[in-house]
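The structure under discussion is supplied below as structure tokens; questions concerning it will follow.
The values are calculated or read from the model by the stated rules, or taken from the named source; none is laboratory data. These numbers were taken from a predicted model, which means no experiment stands behind them. Cβ atoms come from the backbone with ideal geometry, glycine included; neighbour counts cover every protein chain shown.
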Amino acid sequence: MKKVLPLALTAVAAAFVWNAAKAQSPQPPKADADMQKVLDAHASLNPKPIDKLTPAEARKQPTPADAVKKVLTQMGKSTAPEPGVTMKTMNVPVKGGSVPVHIFTPEGAGPFPVMVYFHGGGFVIADTKVYEASPRALAKMAKAIMVSVDYRQAPEHKFPTAPEDAYAAYLWTIQHAKDFNGDPMRVAVGGESAGGNLATVVSMMARDKKAQLPLHQLLVYPVVNDDMNNESYKRNANAKPLNKAMMGWFFKHYGGDPKNPYALPMKASSLKGLPPATIVAAEIDPLLTEGKQYADKLKKDGVAVDYREWSGVTHEFFGMGAVVTKAKEAEQYAADALTKAFAAKR
């Protein structure tokens, strides 16, 4: 005869199953109100899960930058680029072709210090246009020229194309800085996410090839490792706009050698001799743990590091200063670090 569990026990069993399922799919930390507005705006644009798409389809999805524009519109504010910075496009020769660079110049006489900037997008999606708010803000705040590089992307151009393009653009910038009113002796590197990876990899390549070292490296939640079972990957496995499944999709398409430090800088035997670094981190981000670990590794190897984490904000918050308070703080923090680094070289 089949036993029938008492209703109370059935409820307990159901609760256990629900809690177990919840434990397997943890909820990320709560976003600040202004950050949540951006997340809600992005959700309203009906983006499809990136990890379920082809790269071509993924590149057509609405972006966090689109969400920022929607929030600005809802607030009755202009979506036009912030004034005070001009932009022009040039082409840089690279192995097998050329790539565009977008040069953002602040108002003033110059010559200006320069930062070579690399956008995010997991080495697969996005471009300077999507990330334009970041180099514009930094150009204005740091009174520096930003050279933003549209490096070639995977899977059409797998690793090591992106770092090779990034390094070629860095060398080109040093050689041609005077052509656009820049100071070739004051050149830094920076970037967000995959772009943060490229910034520190360019620094490693310059060190290894005994070229002119960047003055500074600005690393905004950089991709530096492939440990997808660390603390922040677990806590933010289902975060928005970046989650664990998306990172697996990016790694698959990028095709980087997991043992090569030019693909994953945490795998480097030594980071000695790299330029001083400023690292920006976000609480609601799978990449949080590795960013802190990279800061610790840099310090251990004798590199000066300023590291700061912002709570209540997500991956991609940097550059959202028009609508997210802590994004404006992070942009100013980065700009102040650059200003200090550039002033020390005068």
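Can you name every residue in segment 263-275 that is surrounded by fewer than 21 Cβ atoms within 10 Å (Cβ to Cβ) and under 18 Å from the mean Cα position of the chain (by Cα)?
Hit for segment 263-275 is MET266, nothing else.
Conditions (1) more than 26 Å from GLU132 (Cα to Cα); (2) at pLDDT 95 or above; (3) among the aromatic types (Phe, Trp, Tyr); (4) outside any loop (DSSP other than H, G, I, E, B), marked per residue:
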{"position": "MET266", "(1), (2), (3), (4)": "yes, yes, no, yes"}
{"position": "GLY291", "(1), (2), (3), (4)": "no, yes, no, yes"}
{"position": "PHE318", "(1), (2), (3), (4)": "no, yes, yes, no"}
{"position": "GLU329", "(1), (2), (3), (4)": "no, yes, no, yes"}
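So how many residues does segment 232-264 have that are in a helix (DSSP H, G or I) and more than 26 Å from ALA337 (Cβ to Cβ)? Let's see the steps before the verdict.
Pass one, segment 232-264, residues in a helix (DSSP H, G or I): 232-235, 244-254.
When the remaining residues are screened for being more than 26 Å from ALA337 (Cβ to Cβ), the result is 233-235, 244-254.
The number of residues fulfilling the criteria is 14.
May I ask you to list pairs of residues, at least six apart or on different chains, whose Cβ atoms are under 9 Å apart, with the first in segment 32-49 being in a helix (DSSP H, G or I) and the second being of a type in the set (Phe, Trp, Tyr)?
Pairs found: MET35/PHE317; VAL38/PHE317.
Among the residues of segment 61-117, what is the count of those that are under 30 Å from PHE342 (Cα atoms) and part of a strand (DSSP E or B)? Give the derivation first.
If we filter segment 61-117 for residues that are under 30 Å from PHE342 (Cα atoms), which is where we start, we get 65, 80-94, 98-117.
Then drop every residue that is not part of a strand (DSSP E or B), which leaves 85-94, 98-106, 112-117.
Summing the residues that are under 30 Å from PHE342 (Cα atoms) and part of a strand (DSSP E or B) in segment 61-117 gives 25.
Let me ask another. Name the residue, out of ASN225, ASN197, ASN236, ASN260, that is modelled with pLDDT of 95 or more, over 18 Å from the mean Cα position of the chain (by Cα) and polar (S, T, N, Q).
Being modelled with pLDDT of 95 or more, over 18 Å from the mean Cα position of the chain (by Cα) and polar (S, T, N, Q) holds for just one of ASN225, ASN197, ASN236, ASN260, which is ASN260.
Could you list, in sequence order, the residues of segment 100-121 that are in contact (Cβ under 8 Å) with a residue 40 or more places away in the chain and either surrounded by fewer than 24 Cβ atoms within 10 Å (Cβ to Cβ) or among the aliphatic types (A, V, I, L, M) (or both)?
PRO100, VAL101, HIS102, ILE103, THR105, GLY110, PRO111, PHE112, VAL114, MET115, VAL116, GLY121
Here is a list of conditions, (1) farther than 30 Å from ASN243 by Cβ; (2) over 17 Å from the mean Cα position of the chain (by Cα), and THR161 meets all of them except one; can you say which number that is?
Condition not satisfied by THR161: (1).
Go through segment 294-335 residue by residue and tally those that are of a type in the set (Asp, Glu) and either touching a residue at least 40 places away in the same chain (Cβ under 8 Å) or within 20 Å of LYS70 (Cβ to Cβ) (or both).
Of the residues in segment 294-335, 2 are of a type in the set (Asp, Glu) and either touching a residue at least 40 places away in the same chain (Cβ under 8 Å) or within 20 Å of LYS70 (Cβ to Cβ) (or both).
To continue, here is another question. Do we have GLY182 as out of contact with any Leu (no Cβ under 6 Å at 6 or more places or on another chain), within 16 Å of GLY122 (Cα to Cα) and buried (at least 18 other Cβ atoms within 10 Å of the Cβ) here?
Against the criterion (out of contact with any Leu (no Cβ under 6 Å at 6 or more places or on another chain), within 16 Å of GLY122 (Cα to Cα) and buried (at least 18 other Cβ atoms within 10 Å of the Cβ)), GLY182 does not qualify.
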